[in-house]
Amino acid sequence: MPFLLEDMLKQNNARYSRGDDWAPHIVVDGNLITGQNPASSEGTAKAVVQALRAS
C-alpha cells in the first residue's frame, strides 16, 4: 500500500504546496526551508544563504 505524504498532510489540515513536476519549487516558512526536487537545489541553497546572512 503506497503512502502519499501529500494526502496525509491534507488530511491533517497542513498547508501544502507543490510546483510542476521537475520544476524548481522552494518554500520558506520561518526557519524551515524546503525544496521539492533536484531542480530546486540552487534556489534552496540561495534561500539558506539569505537566511543565514539575515540572522
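Tell me the residue from V48, V28 that is in contact (Cβ under 8 Å) with a residue 12 or more places away in the chain and assigned to a strand (DSSP E or B), please. Write out each step before concluding.
On the way: V48 fails: assigned to a strand (DSSP E or B).
Being in contact (Cβ under 8 Å) with a residue 12 or more places away in the chain and assigned to a strand (DSSP E or B) holds for just one of V48, V28, which is V28.
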### Task
Tell me which residues, restricted to the stretch 31-45, are among the small types (G, A, S) and not in a strand (DSSP E or B).
A39, S40, S41, G43, A45
### Message
For the stretch 14-37, which positions are under 30 Å from S55 (Cα atoms) and surrounded by fewer than 11 Cβ atoms within 10 Å (Cβ to Cβ)?
### Response
A14, R15, S17, D29, G30, N31, L32
### Query
List pairs: first in the stretch 6-25 and assigned to a helix (DSSP H, G or I), second surrounded by 11 or more Cβ atoms within 10 Å (Cβ to Cβ), Cβ under 7 Å, 6+ apart or cross-chain?
E6/Y16; L9/Y16; K10/Y16
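Computed from the coordinates by the stated procedures, all read-outs in this text should not be read as laboratory data. Quantities reported herein were computed from a predicted structural model and do not represent experimental measurements. Positions of Cβ are backbone-derived with ideal geometry, glycine not excepted, and every protein chain shown enters the neighbour counts.
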